[in-house]
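See structure below.
What follows draws every value from the coordinates through simple rules; no lab data is involved. As the structure is a computational prediction, the values presented were derived from the model and not from experiment. Quick reminder, even Gly has a Cβ in these numbers, built from the backbone with ideal geometry, and neighbours come from all protein chains shown.
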Amino acid sequence: MSKSLQLSRFIQILLHNATPSTAAKMIFMNAKMTEQLRKEGVPGILPTYVKIIGDKAFMVRPKVEIKQTYTKPELKEVKASIEAIHAAGYSINDEIQVGLWNGHMYHFDLGKMAKISHKDDPTDDMGRFDTLMNKSGFSRPEKEWDYLVNMLTHWYTDNDDKRRKYIRKLIKQKVLMDEEYPERKEETEKEFNAIVDS
């Protein structure tokens, strides 16, 4: 297996600002955490080990192909990985940095990943994922869906034209949701009916 030394920006900063033993401990801790998650079946995490060269510690992992844009199926893999990281109780806390290895998408920098410490940590990660999606010309349909559902649930207006305009947007978004997430079609239908029937 072809491997290359890949230092995250976070780790480079640590190596620059910390004593060698402190930096090495932090690198070992991060490698142990990512390896544990990978062994537990969290997708999108590269196999990693730490190599000591002189007084420096380096994370060693497979080299990934980094592209300017990604396809929808590739981005769907990234999203599944982020959700699995969250389900395991961790957040990435950094830009979503991914690439292809053996035909699948993997994170190549999880240097700031830590236990979720605030309820907004997963939301922040998904916001960073939205940035990655936008660079590839896509957006998450559930983001717009949630916005429209909240708007039509909590927003009151006497103007029927405005409400109908938002309902039309919701109908279009429902089509996208049903295509993208057929597994949640029943839930989407309930949300839709609750708004239309109110």
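Data table
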quantity: Cα lying deepest toward the dipole's positive end in the chain, options Pro73, Ser139, Val149, charges on Cβ; calculated: Pro73
quantity: Pairwise label distance in nanometres, Asn134 with Lys119, each label 7 Å out on the Cα-Cβ vector; calculated: 2.5 nm
quantity: From the C-alpha gyration tensor of the chain, square roots of 5λ in Å; calculated: 41, 17, 14
quantity: Fewest-first ranking of Ser21, Ser136, Ser91, using other Cβ atoms within 10 Å as the exposure measure; calculated: Ser21, Ser136, Ser91
quantity: Arg168-Glu144 FRET efficiency (beta carbon distance; Förster radius 22 Å; 0.05 resolution); calculated: 0.95
quantity: Residues Glu179, Glu142 arranged by fewest to most Cβ contacts within 10 Å; calculated: Glu179, Glu142
quantity: Mean ellipticity per residue at 222 nm, deg cm²/dmol - from DSSP H runs of n ≥ 4 across the chain, formula -39500 (n - 2.57); calculated: -18000 deg cm²/dmol
quantity: Per-residue Cβ neighbour rank within 10 angstrom, fewest leading, His107, His154, His86; calculated: His154, His86, His107
quantity: The chain - share of DSSP beta bridges that are antiparallel (%, nearest 5); calculated: 95 percent
quantity: Cut-off under 5 Å, modelled amide H: who pairs with Gln97 long-range; calculated: Phe108, Asp109
quantity: Residues of type aspartates and glutamates that Lys162 reaches as a straight line, Cα spacing below 19 Å, ignoring anything fewer than 8 places off in the same chain; calculated: Glu144, Asp146, Asp197
quantity: Under the span-like rule (Cα at least 24 Å along the axis, Kyte-Doolittle mean at least -1.0), DSSP H helices of the chain; calculated: 20-39
quantity: Cα convex hull volume per residue for the stretch 72-135 (Å³); calculated: 75 Å³
